[in-house]
Each structure stands twice: as structure tokens, then as C-alpha cells.
1. Below 8 Å between Cα atoms, with a sequence gap of 6+, how large is the relative contact order for segment 185-236 in percent?
2. How far apart, in nm, are two points set 7 Å out from the Cα along the Cα-to-Cβ line at N438 and at S494?
3. Using Cα centres only, tell me the gap between segment 142-209 and segment 547-566 in whole Å.
4. Can you give the local net charge around E561? Use residues other than it whose beta-carbon is closer than 11 angstrom to its beta-carbon, Lys and Arg +1, Asp and Glu -1.
5. Which shape class, rounded, prolate or oblate, goes with segment 121-190 when its Cα gyration tensor gives a ≥ b ≥ c as root eigenvalues, a/c under 1.5 marks rounded, and past that a/b bigger than b/c marks prolate?
6. Using the Karplus equation 6.51 cos²θ - 1.76 cosθ + 1.60 (θ = phi - 60°), what ³J(HN,Hα) coupling, rounded to whole Hz, does each residue of segment 94-103 give in order, writing x for Gly and Pro?
7. So for the pair S425, L179, with labels modelled 7 Å out along Cα→Cβ, what separation do we get in nm?
8. Please list the three semi-axes, largest first and in whole Å, of the ellipsoid equivalent to segment 519-578, using sqrt of 5 times the eigenvalues of its alpha carbon gyration tensor.
Amino acid sequence: QTDRCSNDRQCPVTATSTQSTTHTLQGSVGQANVALCSTGSDKEAILDLVTSRSNTQRQEVIAAYKCSFGKDLIEDLKYELTGKFERLIVSLMRTSAYHDAKEIHDAVKGVGTNERCLIEIMASRNNRQMNEMVAAYKDAYGIDIEEDITTDTSGHFKKMLVVLLQGTRDESGVVDADLVQQDAQDLYAAGEEQWGTDEAKFIMILGNRSVTHLCMVFDAFEKIAEMSIEDSIKHELSGDFERLMLAVVQCIRSVPMFFAKRLYKSMKGLGTADNSLIRIMISRSEIDMLDIRECFRLLYEKSLYNMIKDDTSGDYKRTLLNLCGGDDDLAGEFFPEAAQIAYKMWEISAMTKVQLRPTIRPAPSVDPAADAQALRKAMKGFGTDEDAIIDIVAQRSNAQRQEIRQAFKSLLGRDLMKDLKSELSKNLERLVIGLMLNPAEFDAKMMRKAIEGAGTDEHALIEILVTRSNEEILAMNAAYKDAYKKSLEEAIHSDTSGLFCRILVSLVQGAREEGPADEERAIADAQVTQSCNADSDDMEMKFMSVLCTRSFPHLRKVFQEFVRYSNKDIEQIIKKEMSGDVKNAFYAIVRSVKNQPSYFADRLYKAMKGLGTDDRALIRIMVSRSEVDLFNIRKEFKETHDVSLHEFIQGETSGDYRKTLLMLCGGED
């Protein structure tokens, strides 16, 4: 039986930095002295000495160094080393409590407050760590940490920080089933059930109850509210308070998973958040770094080791890699903690009923005839009033736009689509025309664009066929046949080949099973996929027979059982054992089954990051999801990439095209 909640307070330590068995105090002190006294200092020797000792052994070396040479080892290290390497080595020489204390002090002193640092430390430390940090802060700075934090923060954010700072969370391990139900009901009543939010209730329950108790509360809450506690917090809270409460929930569910996400955010994109990277690598290397590595591999498409390797350099990189302890891209199976987390993730995915939220809704009291006249006026005469066109098209639902198209033809005897094409140009024209087509016409056109001309846009074919319902695929097939006088299946056959073609043909039938998971069949499906021989030809066919035909609820159960029987994650198997378009198609199915808004958020990020923007992908997703789940996609985008979709679009596009996209986006997060 897999544990329902994974947390370093309960699970065995999986450290990468442990006690050195070859450590002798005099030998280590001598090594330190030789390394620091040599011309230019021997950085290689310093990093090997520091990273091959536990923190306890380092404290012994500091004390013995002072006894032997009458000097402060930390001050000598500061003098000899520079930059990020110096920060990393010096931080390693402090005890965990004093390191946390310094991080908090740096976060609240000076210009501005580093709320992210406060949130990370305060949400993730257990009672013992919190109490030791409080004592270390008082010793180091001569003032209570609570006084500094309350001076520099405010509101509910400040109140929750103070509660956490007390280090009095229940750690008894005793769970009262009646209190679990009461707390779940109280959280529901404090948020989703009423107008406004009772923040004090959230603070009291999330700040004091035990980890085991809260895991059960979260499960009970999902059954009552039909949404996860995380989604409720996102709906009800805001700003730093929202981010703190989400961090607390993430740490209750899994501290290693929380830090895996933090590490990824510290290194992705342009530049590295070195302070965050250093802080996490130091604080977790003697606790749960192996589990963090596994969670990192589970969440992202590369190992933590390789991401550090690609994102850092020199002695700084070598020290971080020593703390990391190994490359998990070379590994196969999960460590026990990561297997528990993977199993739990699929369980949460299956239980959570996500409320899909659009950004475009029907406009109230709309007159299609008046809109048609206004559009004609905007396009008549010298010049085009793009603002008037955008304000109408981007603020109507698709059904209302179809009424406008019909009214335009009935009243004016003109084809609105032709008029728009003649008056607009480039990306603005493509976006507005896309909005004026009905969903089936739009999908058919996007499939046509992906297939026709030089080269095939396989990613677009995969995205559309994987994420559309049976009803949407059948409607798209009919629209394609009507517009292009051949079936979509024929077009796919003529432009793709091999197993990838067969996967697309299977999906384009619009015949995926619907309905809930069949537990016995899910176990059988998991065993079939788990037993595939990677070297045999039938592995991909067996995957196709399950992934392309079973319902999404059923596949969630299959992927969960796959972890149980193989001790591996289905995504990692697809990544390691398959290649090319087949790998991409199966991977998209798994991502979409796990969290479809997250899949689209990732597609949007890839469409805009780096040099140049994939405008076709950007338009396709913004148009097709604006009346389905674009609000959810926005939230996933912000959570994963630490920047809002609104901000990303603003930076990557321009002019009226940007204005229209931002209206579809629906707001800043």
C-alpha cells in the first residue's frame, strides 16, 4: 500500500552529503590550511574537502582550524574565494540553523523584502528546524526574528508567517477522523461556500495541524468541494499570502516535490537565481536530495544533475554537482519516496474535478445586426478602424460571432470573412479570422495548415488530435471534408507514415472510450504496458492500443498502477525508450491526461520563448481555448514559469495583434 502523503518529516533520509568515513580531524585541518596557503588557493582541494564532509564534520574542522592556527576558517575562505563559489562554500561551512537565520536576515533587511525566500524557508521547515533557526537568529543578530519579520511584512501574509515561526505544528501523528471531516468542512465554508473568505480559518488549520492530518483533510476537502485545496486557495486568496499558503500545501503533500519545482524555477530561462539554487542545494543535501532529484526527473524532461551542468560553470558548478550526487538520466527505477509521490500524483489527478474556466464569455444584450453595421463602418472608406473590429470580435463568444456573420450577409449582402481578409493583414488577420470561424472550421483549417506545403507541423497535429473530445473531432472531420473535398484521414495518410500515421489515424476516428475507469481493466492495461520489452517491435503497438483508445479517467488509473507494478513513471519510459513523433504523440497524451491546462501552458511557453515566436501555435491555442479553459491555462503558466501569460504575450508581440491576444488572455495574474 502506497502512503497517501509523502514528507521528509515521516520518510527515511535520502541525503547526498553524508559523514565521510575517511575523515580525520587533523588531516582535514591540514588539507584546509594547505589549500588556503598555496599560491592563488587550491579551489579544487577546497571544494573536495568541503563537499565530502557532513556539516557536523565541517563544524569540527572550523573549531580545530582555530585551535591549530589561531584563525577563523570562514574569514580565510571569504578572503581567498570570490563570487558565487565563495557564497556557496562559505554557506556550506555554517550550521543549518545559522544558514537559515542568515537567509531570513538578508531577506528582510535592506531595500525591499525577498518574500520568495521567506516563503520557501518558513513553509518547509519542521518544528525542530524552526526553533533552532529562531535561537540562531537571536544569537547572530541580537534581535528576535519575529520582530524583524513583522516589521517588514503585513496583513494575512504576516500572520501566517508568525504562526509558522512558533514551530508548534502538531507532530504527534495521531489523527482524529471526526476532526478531519470538520476541518475539511470548515475550509470549504471559509472559502468556496461563502461570499468572501475567512482567511483566519485557513491560517489556523494549515498552520497548526499535523502533516498526516492535513493530507487526509485535503482528500476530504476534494470530495466536498469537487476541487483541490490548491485550486481553492488560488480562487480565494491572492498575492504573497496565496503563494505562502500554496507552498505550505505543497510541503504538506511532499517537501521533495516542492524543492524540485523551486530548483527548476531557479535555473530555467535567462539567468540563474543563484541565491535560491545555493540555499536549496545546501539545506537539502543532508536530508532528501535523492528524492528531490527523482521528483525533478518526474516533473521535467531532464535530470537535476544535467540542468545544473548546463546552467552553471567552473568550480561553482563542480561544487553543486558534488552536492547533487549523481545523474538520474542514467538511472532507471524510482527511489521509494519518488515512487510514492508519482503514485499519489496520479491519485490526486484522478480525484480532482477541475472546474474549467474560460476567459471569453457571451457578451450580455448583444445585437448582431448592430455589430454587423459597426464592423462594416470600421472597414468602409479610407483606412480601417482596427480598434472597433477588435473590440467587437474579441468581446463576443463564438456563437455570437456566428450570428454576426449571418447578419452581415443578410443585411449587407457581403461576406464578412472576405471583407476582414481584405482589410487586415499578417498575424492580426489570422487571429481575427480564426476567431470568426466556428470551432470545427477553425480546427479543420489548423489541421490543413499543419499538413499542406513544405514540411509537416507534427506538433500541431498531435496537439489538436490529443486534446479534442470525440464530438469535436467528428465535427472537425465533417468541416474538413466540406472545406477541402477530401477526408482528414486521407490527408493524414498522404502526409505522414509508419506508426506515427497509425496513431493519428486512430485518434482522428473520434472513437476514444468515454466514462470512468475500470479498475480491473486498468490493472491489466498497466501490466501489459509494463511488461513490454523495450527492444521488441510490439512495445509501441501495445502503448498505442491503450493510450489511443481508453478514456482519460481510465488512463489516469492505468498510469497510477503502472508506477505500482514497474516502479517507473510512464513519462520517463516514453522519453527513454521511444523517439521522434511517436514519442511526442504518446508524451502529449500522458501530459494531457495528467493535466491538460498544464500541457497547453507548456505549449504556449514554447511558442514564445527564445528567438522568434511561433505565431501559428500561439493563435491556435489562444483561439481554441479562450472559451474552454484559458483561465486555468493562465494559472498553470504562472505557477510553472513564474511569469504571467499576460506579461509574456506583452513582451513577445506588438500592435493590434498584441491587443487582441491580451483581450483573449483576459487579465494579468
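1. Working: 31 pairs, mean separation 21.4, N = 52.
RCO, segment 185-236: 41 percent.
2. The answer from the label model is 2.5 nm.
3. Centre-to-centre distance over Cα atoms comes out at 36 Å.
4. Values: positive: R521, R556, K557, R564; negative: E347, E519, E520, D525.
Once all neighbours under 11 Å are counted, the net charge is 0.
5. Values: a/c = 4.25, a/b = 1.71, b/c = 2.49.
Oblate shape, in that a/c is at least 1.5 and b/c is the bigger or equal ratio.
6. Whole-Hz 3J(HN,Hα) from phi for segment 94-103: 7, 5, 4, 5, 6, 5, 4, 4, 5, 4.
7. Output for this residue pair reads 7.0 nm.
8. On the way: eigenvalues 57, 32, 21 Å².
Three semi-axes, in Å: 17, 13, 10.
Values in this text are rule-based calculations from the coordinates and carry no lab data. None of these values were measured; they are calculated from a predicted model. So basically every Cβ, Gly included, is an ideal-geometry build from the backbone, and we count neighbours across all protein chains shown.
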